[in-house]
Amino acid sequence: MGKIRIKTIGDQTQEEQDKKRGQRRRENKKPVTTETQNEIKTQKRDDEQILSASETSEPSVVAREISDNQNEEPATVEIRSQTKTTKAKKSKFAKKAFHSQTYEELLSQVDRSKSYTVSEALELLKNLQRGKFDETVELHINTSIPSVSGNVTLPYGSGKKTRVAVADDGLIAEIEKGIINFDILVATPSQMPKLAHVAKILGPRGLMPNPKNGTITDKPQDLVKKYEGGQINFKTEAKIPVMHLIVGKMSFGKEKLSENIESLISAVKKANIANVTLKSTMSPGIKIRV
């Protein structure tokens, strides 16, 4: 006598359960059809449009578009909300003023569209002081051609004590150790082969003696007196045709500063100058008419 199978009403048999499992496995292995790909592309376009709207539209419009898409996951909405908040913060910091309120008040006294005479600029510069110390007066020159260099002796000096050194064996030994206690180095022609050993240290600092700037001479002591008496070297920067020079202190007064500025402009030559800006340590810049 064979086996008798008993089926209970309301219960699934084992065969039906196995059949359903097999059907689900076949559906998972089913290749992606063109229709399925189109559905995925359509969904991606909808997501991109909603994300674009979230960056440019009003919050109410964004909320309405997101609510229309019933299949979108809550996590996606949250991420887009965070992205919008981050962009809002960046734009807020970008609008933050760079200068202080005091500086902005001083800047409002300068006509940015006007080029002042040296006399007018120095008179205005007195009203732009905000430091409690004797501010340094600076001249920033943009040249019309690159590689402008030379030297000039300011009638009243720069107000800065210039440390001048003469190259010898003892000084070269200190340079090799990284000890540099001078602003200008003067050398005789006979010392140049020895200085070649420390050229990698002096060159990047602009301290290497050079015949173009007049720091190589047979009479170094005479040159030391000139530099200590107010002679300065000027040279455009390597990548940008600009020079940043010191022409004195505010305590010099209008007449002395004016003579120093005129001497420097004459040495650089007006034909080589594109524009000039005068300022003190903490003041805004003032354009000068050359």
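No lab work stands behind these numbers, since they all come straight from the coordinates. Every value quoted in this text rests on a predicted model; they were computed, and no experiment measured them. Note that each Cβ is placed from the backbone with ideal geometry, even for glycine, and that neighbours are counted across all protein chains shown.
Structure summary
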read-out: Residue-span extension gain [Ala274 to Lys226] - 0.36 nm each, minus C-alpha spacing; value: 14.4 nm
read-out: Cβ crowding within 10 Å averaged over residues, with 230-238, 145-153 ranked highest first; value: 230-238, 145-153
read-out: Whole-Hz couplings from phi, Karplus 6.51/-1.76/1.60, listed for region 240-250; x for Gly and Pro; value: 10, x, 9, 10, 10, 10, 9, 10, x, 10, 4
read-out: Which listed pairs, of Lys161/Lys219; Lys239/Lys270; Lys177/Lys249; Lys126/Lys226; Lys254/Lys287, have C-alpha distances above 23 Å, in listed order; value: Lys177/Lys249; Lys126/Lys226
read-out: Relative contact order computed over region 163-228 (Cα-Cα under 8 Å; 6+ residues apart), in percent; value: 39
read-out: Amide proton proximity set for Thr143, modelled H, under 5 Å, gap of 5+; value: Val242, Met243, Ala274
